[in-house]
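Have a look at the structure below, then the notes.
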Protein chains: 2
Amino acid sequence: MGVDRIPESGLAPATLVSRIVGEDECVIGADLGGTKIAAGAVDSRGAIILRHEATSPAADGERMVSTLMEMISSSADAARSEGFNVMAVGIGAAGFILHDDGILIESPNIAWSDVPLRRLAAEATSLPAFLDNDANAAAAGEHFAGVCQGVDDFVYLTLGTGIGGGIFINGKIYRGYRGTAAEPGHITIDPEGPLCGCGRKGCLEAMASGTALEREAARLAEENPGSLLLEMTGGDTELITGEMVSAAAERGDPAALGAFTYVASSLGLGIVNLMHLFDPEMVVLGGGVSRSGHLLMDELNKYVADHGIPALTEGTTIALSALGGDAGLVGAAAMAWEGIGGLA
Amino acid sequence: MGVDRIPESGLAPATLVSRIVGEDECVIGADLGGTKIAAGAVDSRGAIILRHEATSPAADGERMVSTLMEMISSSADAARSEGFNVMAVGIGAAGFILHDDGILIESPNIAWSDVPLRRLAAEATSLPAFLDNDANAAAAGEHFAGVCQGVDDFVYLTLGTGIGGGIFINGKIYRGYRGTAAEPGHITIDPEGPLCGCGRKGCLEAMASGTALEREAARLAEENPGSLLLEMTGGDTELITGEMVSAAAERGDPAALGAFTYVASSLGLGIVNLMHLFDPEMVVLGGGVSRSGHLLMDELNKYVADHGIPALTEGTTIALSALGGDAGLVGAAAMAWEGIGGLA
């Protein structure tokens, strides 16, 4: 979710978003990223009742924790003042998580480590609390109230600054033996490919993330002196953002379209590998890059049709996230509902 | 299991192999490959009580079926004559299987299609019968009585003419949404890699199978005029077999050692990808190439240590099959035991 950008908002009062008549129970979901924190109350059908957003004080780990706890508590108070019974808290956080222990080990771009977030949230609210990483949470959100409702075997990919993943098997998040499963951003798809943030070459993340889109667009713009991207950035290709590449591609700019083709075919290769291993019913794309889904989907579906083994890939649908930037918050709430046995 | 080669044996009488005092129940397991068929009786501890082997009449699908049924029936009769109560039949077959329907759709190198093997075996024996593909069966064998006893989350790779896979999650074979999961031989690890039998480039199978070992050895032998492999084949590198590459490598031949290094690093890349996705407790290597495991393992472990993300790979052991060529037969029996609820 790293490419999400919201206006600097501070800690604005929660806003009542929706209310279903007769619904009187809710949970609090919180989505923690390096850029923003979102928290809110979510009912048992996955509707966001009210929400808070704040800019992440990412450079200050203690303030991250206190901001998060304040947002969770004030969301709970606001929901209670609307007459809701608050049942539990779920947190989805960018970072490496020990799920069973409820501990966040570390996060890229956030100055904290070994934070017992689950216990802190339980203590702050006197409610049952649950913690998972942001990609697992977003996958849970799509399963609870998004494009994967009723789909129990799917792979969710979040295409942002990096690539995260959540894998559902038989209706449950798949965590593996130690809890570190589902890192599709770090499967190698080209041993001679570009360098990844993890220090290895040719990871899916290095070739199909928002960062890869921007890098490839910059490279192609430098080769195309007439590119709109040069006009947009005054010739400084380091200023190219994903939004600019989308906008230029919409206007038919060859460099921007070429960057989308590069990302779509890299992503296609990764997705074919995932289909050959997991045989999912659906592959779902979320995160910033997926907002330009229509620029990706034709190339992506063509790549999979051309390069997948038909018997292993033809039955799998590739879909775009239905919840977009809300998937993490709704999914954190889904984990809370599931944690207290409140989901069917 | 395609590189297994046994002497042309016809349908020899079953041989009593072992007998545990007090054990009076058994199942029949059968392992069907393009080269040989093995069938036998297996007790509830995974010991092979008696066994049959025959050369596969692979060019004649009807004779494949009749030979298999004859071997299953005579194994059951022989077990009964030793005083065993025969409980069920399990079949592991090379090919694409519809598990729930008990149907073999098609096999590479065997002239049959759409064979309802499960029903035919049940009718021939009046016993409950079960069918799965050979790699899933071999994985089940290692779990039942091999190196994965007590290990419930592992990836099994069979390194033969091709590469097959079986994935265990929570102690069960993972089949995916439609039943086509676990084809690690066909994940792309190098988009510019050598052509695979499936028509795509750079599949794991094209770079780490027995076939890849022979191809790479031939290429390197042609570049090394002093190679033992040229001596062994009278200079015709098309005659190079996996056994020759092993023998030459044991004697320090650089071309043969280079071929093992190539296979080990390709396999290492594939295994790192599998670790990053599945977080298994163990990765197990079976099939013909694994018989030269000591020639692979040092390079393989080094590759994984150098190229894996430590937090995602350090806890996973890479092990060699304990059952070797018997994994398929024992695993077919394990599926039969499990099918009738006879395994804890």
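The values are calculated or read from the model by the stated rules, or taken from the named source; none is laboratory data. Everything quoted here is computed from the prediction, not taken from an experiment. We place every Cβ from the backbone using ideal geometry, glycine too, and count neighbours over all the protein chains shown.
Could you tell me whether the range A:238-255 includes any residue that is out of contact with any strand residue (DSSP E or B) (no Cβ under 6 Å at 6 or more places or on another chain), in contact (Cβ under 8 Å) with a residue 40 or more places away in the chain, more than 30 Å from B:G179 (Cβ to Cβ) and surrounded by fewer than 23 Cβ atoms within 10 Å (Cβ to Cβ)?
Yes, the range A:238-255 contains a residue that is out of contact with any strand residue (DSSP E or B) (no Cβ under 6 Å at 6 or more places or on another chain), in contact (Cβ under 8 Å) with a residue 40 or more places away in the chain, more than 30 Å from B:G179 (Cβ to Cβ) and surrounded by fewer than 23 Cβ atoms within 10 Å (Cβ to Cβ).
Being among the small types (G, A, S) and not in a helix (DSSP H, G or I) is the filter; apply it to the range B:98-124 and report the residue that is nearest to B:M64 (Cα to Cα). Spell out how you get there, then give the answer.
Our first condition is that a residue be among the small types (G, A, S); within the range B:98-124, this holds for B:102, B:107, B:111, B:113, B:121-122, B:124.
Still in the list and also not in a helix (DSSP H, G or I): B:102, B:107, B:111, B:113.
Numbers: B:G102: 17, B:S107: 12, B:A111: 9, B:S113: 11 Å.
Result: B:A111.
Of the conditions (1) more than 14 Å from chain B (Cβ to nearest Cβ); (2) assigned to a helix (DSSP H, G or I), A:L285 fails just one. Which one is it?
Among (1) more than 14 Å from chain B (Cβ to nearest Cβ); (2) assigned to a helix (DSSP H, G or I), the lone unmet condition for A:L285 is (2).
Looking at (1) modelled with pLDDT under 95; (2) over 30 Å from A:I97 (Cα atoms), find the lone condition where B:I309 falls short.
With (1) modelled with pLDDT under 95; (2) over 30 Å from A:I97 (Cα atoms) applied to B:I309, the lone miss is (2).
Examine the range B:261-280 for a residue that is closer than 23 Å to B:V151 by Cα, within 14 Å of chain A (Cβ to nearest Cβ) and either among the basic types (K, R) or free of Cβ contacts under 8 Å to residues at least 24 places away in the same chain (or both), and state whether such a residue exists.
Yes, the range B:261-280 contains at least one residue that is closer than 23 Å to B:V151 by Cα, within 14 Å of chain A (Cβ to nearest Cβ) and either among the basic types (K, R) or free of Cβ contacts under 8 Å to residues at least 24 places away in the same chain (or both).
Would you mind finding the one in B:A182, B:A218, B:A212 that is buried (at least 18 other Cβ atoms within 10 Å of the Cβ), closer than 29 Å to A:F154 by Cβ and within 25 Å of the chain's Cα centre (by Cα)?
Working: B:A218 fails: closer than 29 Å to A:F154 by Cβ; B:A212 fails: closer than 29 Å to A:F154 by Cβ.
Criteria check complete, one pass: B:A182.
Within the range A:139-167, can you find the residues that are more than 17 Å from A:N273 (Cβ to Cβ) and in contact with an Asp or Glu (Cβ under 6 Å, 6 or more places away or on another chain)?
A:C148, A:V151, A:G162
How many residues does the range A:125-174 contain that are among the charged types (D, E, K, R) and either surrounded by 24 or more Cβ atoms within 10 Å (Cβ to Cβ) or under 14 Å from the mean Cα position of the chain (by Cα) (or both)?
Filtering the range A:125-174 for residues among the charged types (D, E, K, R) gives A:132, A:134, A:142, A:152-153, A:172.
Imposing the further condition that a residue be either surrounded by 24 or more Cβ atoms within 10 Å (Cβ to Cβ) or under 14 Å from the mean Cα position of the chain (by Cα) (or both) reduces the set to A:132, A:134, A:142.
Number of matching residues: 3.
Among B:A58, B:A111, B:A93, B:A12, which is the only one that is modelled with pLDDT of 95 or more and of a type outside the set (S, T, Y)? Break it down stepwise before answering.
Values: B:A58 fails: modelled with pLDDT of 95 or more; B:A111 fails: modelled with pLDDT of 95 or more; B:A12 fails: modelled with pLDDT of 95 or more.
The unique qualifying residue is B:A93.
Taking the conditions exactly as written (touching a residue at least 12 places away in the same chain (Cβ under 8 Å) and under 25 Å from B:L269 (Cα atoms)), does A:A182 satisfy them or not?
For A:A182, the condition - touching a residue at least 12 places away in the same chain (Cβ under 8 Å) and under 25 Å from B:L269 (Cα atoms) - is met.
Whether any residue in the range B:133-144 is assigned to a strand (DSSP E or B), within 14 Å of chain A (Cβ to nearest Cβ) and either among the small types (G, A, S) or free of Cβ contacts under 8 Å to residues at least 60 places away in the same chain (or both) is what I want to check. Give the steps one after another, and end with the answer.
Step one: list which residues in the range B:133-144 are assigned to a strand (DSSP E or B), which gives B:133.
Adding the requirement that they be within 14 Å of chain A (Cβ to nearest Cβ) leaves B:133.
Restricting the remaining residues to those that are either among the small types (G, A, S) or free of Cβ contacts under 8 Å to residues at least 60 places away in the same chain (or both) gives B:133.
Yes.
So A:D4 passes all but one of these: (1) at pLDDT below 95; (2) in the same structural domain as A:D132 (by TED's automatic domain parsing); (3) touching a helix residue (DSSP H, G or I) at 6+ places or on another chain (Cβ under 7 Å). Which condition number does it fail?
The failed condition is (2).
Sort through A:A256, A:A247, A:A334 and tell me the only one that's assigned by TED's automatic domain parsing to the domain that holds A:D31, at pLDDT 95 or above and either within 22 Å of A:Y174 (Cβ to Cβ) or part of a helix (DSSP H, G or I) (or both).
Details: A:A256 fails: assigned by TED's automatic domain parsing to the domain that holds A:D31; A:A247 fails: assigned by TED's automatic domain parsing to the domain that holds A:D31.
Of the residues listed, the single one that is assigned by TED's automatic domain parsing to the domain that holds A:D31, at pLDDT 95 or above and either within 22 Å of A:Y174 (Cβ to Cβ) or part of a helix (DSSP H, G or I) (or both) is A:A334.
Collect the residues in the range B:43-66 that are under 20 Å from the mean Cα position of the chain (by Cα) and of a type in the set (G, A, S), keeping them in residue-number order.
Answer for the range B:43-66, where residues must be under 20 Å from the mean Cα position of the chain (by Cα) and of a type in the set (G, A, S): B:G46, B:A47, B:A54, B:S56, B:A58.
Inspect all residues belonging to the range B:74-82 and state whether any of them is away from chain A (no Cβ under 14 Å) and touching a Lys or Arg at 6+ places or on another chain (Cβ under 8 Å). Break it down stepwise before answering.
Of all residues in the range B:74-82, those away from chain A (no Cβ under 14 Å) come to B:74-82.
Next, only the ones that are touching a Lys or Arg at 6+ places or on another chain (Cβ under 8 Å) stay: B:75, B:82.
The answer is yes; a qualifying residue exists.
Can you tell me which residue among B:G197, B:G202, B:G234 is within 30 Å of A:D279 (Cβ to Cβ), surrounded by fewer than 23 Cβ atoms within 10 Å (Cβ to Cβ) and at pLDDT 95 or above?
B:G202
If I filter the range A:318-340 down to residues being surrounded by 22 or more Cβ atoms within 10 Å (Cβ to Cβ) and within 15 Å of A:K36 (Cβ to Cβ), which single residue comes out as farthest from the chain's Cα centre (by Cα)?
A:A332
Restricting attention to the range B:300-317, and to residues there that are under 22 Å from the mean Cα position of the chain (by Cα) and away from chain A (no Cβ under 14 Å), which single residue is surrounded by the fewest Cβ atoms within 10 Å (Cβ to Cβ)? Show your work before the answer.
If we filter the range B:300-317 for residues that are under 22 Å from the mean Cα position of the chain (by Cα), which is where we start, we get B:300-301, B:316-317.
Next, only the ones that are away from chain A (no Cβ under 14 Å) stay: B:300-301.
Working: B:L300: 24, B:N301: 15.
Checked the range B:300-317; the qualifying residue surrounded by the fewest Cβ atoms within 10 Å (Cβ to Cβ) is B:N301.
When you scan the range A:333-341, do you find a residue that is touching a helix residue (DSSP H, G or I) at 6+ places or on another chain (Cβ under 8 Å) and within 14 Å of chain B (Cβ to nearest Cβ), even just one? It would help to see each step written out before you state the result.
We begin by selecting, within the range A:333-341, every residue touching a helix residue (DSSP H, G or I) at 6+ places or on another chain (Cβ under 8 Å); these are A:333-335, A:337-338.
Pick out the ones that are also within 14 Å of chain B (Cβ to nearest Cβ) and you get none.
Within the range A:333-341, none of the residues are touching a helix residue (DSSP H, G or I) at 6+ places or on another chain (Cβ under 8 Å) and within 14 Å of chain B (Cβ to nearest Cβ).
Scan the range A:293-301 and tell me whether some residue there is assigned to a helix (DSSP H, G or I), under 18 Å from A:G210 (Cβ atoms) and among the acidic types (D, E). Spell out how you get there, then give the answer.
Narrowing the range A:293-301 to residues assigned to a helix (DSSP H, G or I): A:293-301.
Within this subset, residues satisfying the condition of being under 18 Å from A:G210 (Cβ atoms) are A:293-297, A:299-300.
Subsequent filtering for residues that are among the acidic types (D, E) retains A:299.
Yes, that holds for at least one residue.
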